[in-house]
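Peer 1: I'd like to ask you about the structure that follows.
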Amino acid sequence: MNQFLSDLVKKYLPEKHGATASYIPELAKADPDQFAIAVVTCDGKVYQAGNTDHKFTLQSASKPFVYGMALEEHGREFMRSRVGVEPSGEAFNSIVELERHTHRPYNPMINSGAIAVSSFIKDSKNIKRLDRVLGLFSDYTGHAVTVDEAVFLSEKKTAHRNRSIAHLLRHFEIIGDDIEESLDLYFKQCSILVNTTDLATMAATLANGGVQPNSKKVLVKKDHVPDILSLMFTCGMYDSAGEWAYTVGLPAKSGVSGGLLTVVPGKMGIATYSPLIDQQGHSVRGVHAVRDLVTHFNLNMFAN
Ligand code: GLU
C-alpha cells in the first residue's frame, strides 16, 4: 500500500490545474506543491506518502464531525426539524440554500446548514462552546488541536456571504440571536489545524462505527454514523456529489484549503491534502488520487 500511495503522489504532483482558494486571502498563500495522502484502517494501521506532517485548516472537512456532535446532543428529530437532508445542487456558499417552504438549509454539508449546526453547539456548564469543539477534534485526531488565528481572522474579515446567510437563517428563526458568536465558532472550527494523517484517522473513526481506532473511544454513537455518512455521500462534494457518487461510490467531504476525506465503511479512512482546488472547491490532485486508489483496490461501496 505505501508503494501504491507513493506512486500516486509521483503521478499527480505534476498536475497543476486548479488554484488555491482566494476568497479567504490567507488560504491563497498555501504552497501549491504540497501533496500528501494517508490511509488509516479501522484497526489503526497507517499507510502514507508525501508530506503528511504538513498542517492545513479543516475548512468544510469539519462539517460532518460537528454535525455528529450536534446530533448526539440534540437528537435526530430536532436536527431534522432545523436542517434538511437533501442535496442542494448548488455551490457550497450559495445563498439560495434554504428550502422553499420550511426555510431549513438543504443539508448540513453546505455553509448554510453548517452555520446552523454550529449555532446549536452551546457552552456546557463548565466548558465554552469553542473548547467543546476543540475537544471533539482532539478526540478524533488523538492529540490537542489549535485554531490557525490568521486563517480565522482572514475568513471573519471577508465573510460577507456567510454573514448574509447567517442573517437569513436568523430571519427564518432557524438560529437564534447569537449570530456573530455562532459565525465565530463556525470560522474557528473551519480554521482548526490538522495534518493528512489526522484527517485519515478522523475518516477511519467514521468507517469504524464512531470508535476512534487508537483510543477506542466512542466519538459518535453507532446509530448516528449512517446519518453522517449518508449526508457525506449525497451532499459532501457539493454540486459534484453526483459525479463523485458515480465514479467513486463512497461518502466524502472536501474543504477549500485542499483537504479531502473519504470513508470506506468497515474498512478505512482515506485523506489527501493538496491546496489547488477546482471550481467546485475540491482538491484537484486529491480527487484524482482517491479515484485511482478506490478503483485499484475495488473499494466502491456499490461494487462490493
Ligand atoms: N470556511 C469555508 C467557508 O465557509 C469553508 C468552505 C469549504 O471548505 O468548502 O466558505
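The values are calculated or read from the model by the stated rules, or taken from the named source; none is laboratory data. This structure is a prediction, so every number in the text was calculated from the model and none was measured. Note that we place each Cβ from the backbone using ideal geometry, even for glycine, and neighbour counts take in every protein chain shown.
Peer 1: Tell me whether region 134-147 contains one or more residues that are closer than 28 Å to Glu243 by Cβ and more than 16 Å from the ligand (Cβ to nearest atom).
Peer 2: yes
Peer 1: When region 257-272 is examined, which residues are found to be within 13 Å of the ligand (Cβ to nearest atom) and either over 12 Å from the mean Cα position of the chain (by Cα) or among the hydroxyl-bearing types (Ser, Thr, Tyr) (or both)?
Peer 2: Ser257
Peer 1: Would you say Ser94 is out of contact with any Lys or Arg (no Cβ under 7 Å at 6 or more places or on another chain), modelled with pLDDT under 95, surrounded by 15 or more Cβ atoms within 10 Å (Cβ to Cβ) and within 26 Å of His17 (Cα to Cα)?
Peer 2: yes
Peer 1: Quick check on this structure: which one of Ser240, Ser230, Ser283, Ser254 is touching a residue at least 40 places away in the same chain (Cβ under 8 Å), more than 25 Å from Gly75 (Cβ to Cβ) and surrounded by fewer than 22 Cβ atoms within 10 Å (Cβ to Cβ)?
Peer 2: Of the residues listed, the single one that is touching a residue at least 40 places away in the same chain (Cβ under 8 Å), more than 25 Å from Gly75 (Cβ to Cβ) and surrounded by fewer than 22 Cβ atoms within 10 Å (Cβ to Cβ) is Ser240.
Peer 1: Can you tell me how many residues within region 15-38 are in contact (Cβ under 8 Å) with a residue 24 or more places away in the chain, in a helix (DSSP H, G or I) and of a type in the set (A, V, I, L, M, F, W, C)?
Peer 2: Residues flagged as in contact (Cβ under 8 Å) with a residue 24 or more places away in the chain, in a helix (DSSP H, G or I) and of a type in the set (A, V, I, L, M, F, W, C) within region 15-38 amount to 1.
Peer 1: Here's a follow-up. Being assigned to a helix (DSSP H, G or I) and touching a His at 6+ places or on another chain (Cβ under 7 Å) is the filter here, so list the residues in region 176-198 that pass it.
Peer 2: Matches in region 176-198: Ile179 only.
Peer 1: Scan region 39-51 and give yes if some residue there is surrounded by 21 or more Cβ atoms within 10 Å (Cβ to Cβ), of a type in the set (Val, Ile, Thr), under 18 Å from Ile277 (Cα atoms) and at pLDDT 95 or above, otherwise no.
Peer 2: Looking for residues that are surrounded by 21 or more Cβ atoms within 10 Å (Cβ to Cβ), of a type in the set (Val, Ile, Thr), under 18 Å from Ile277 (Cα atoms) and at pLDDT 95 or above, one finds none in region 39-51, hence no.
Peer 1: Let me ask you something else. Is region 147-165 home to any residue that is under 27 Å from Thr205 (Cβ atoms), surrounded by fewer than 18 Cβ atoms within 10 Å (Cβ to Cβ) and at pLDDT 95 or above?
Peer 2: yes
Peer 1: Is one or more of the residues making up region 52-61 part of a strand (DSSP E or B), polar (S, T, N, Q) and over 26 Å from Ile174 (Cα atoms)?
Peer 2: Yes, the conditions are met somewhere in region 52-61.
Peer 1: Return the residues of region 108-120 that are within 16 Å of the ligand (Cβ to nearest atom) and among the hydrophobic types (A, V, I, L, M, F, W, C); say none if nothing qualifies.
Peer 2: Met109, Ile110, Ala114, Ile115, Ala116, Val117
Peer 1: Within region 159-184, which residues are away from the ligand (no atom under 12 Å from the Cβ) and among the hydrophobic types (A, V, I, L, M, F, W, C)?
Peer 2: Leu168, Leu169, Phe172, Ile174, Ile175, Ile179
Peer 1: Here is a follow-up. Provide a single number: the residues in region 185-217 that are hydrophobic (A, V, I, L, M, F, W, C), under 23 Å from Asp123 (Cβ atoms) and away from the ligand (no atom under 16 Å from the Cβ).
Peer 2: Of the residues in that region, 0 qualify.
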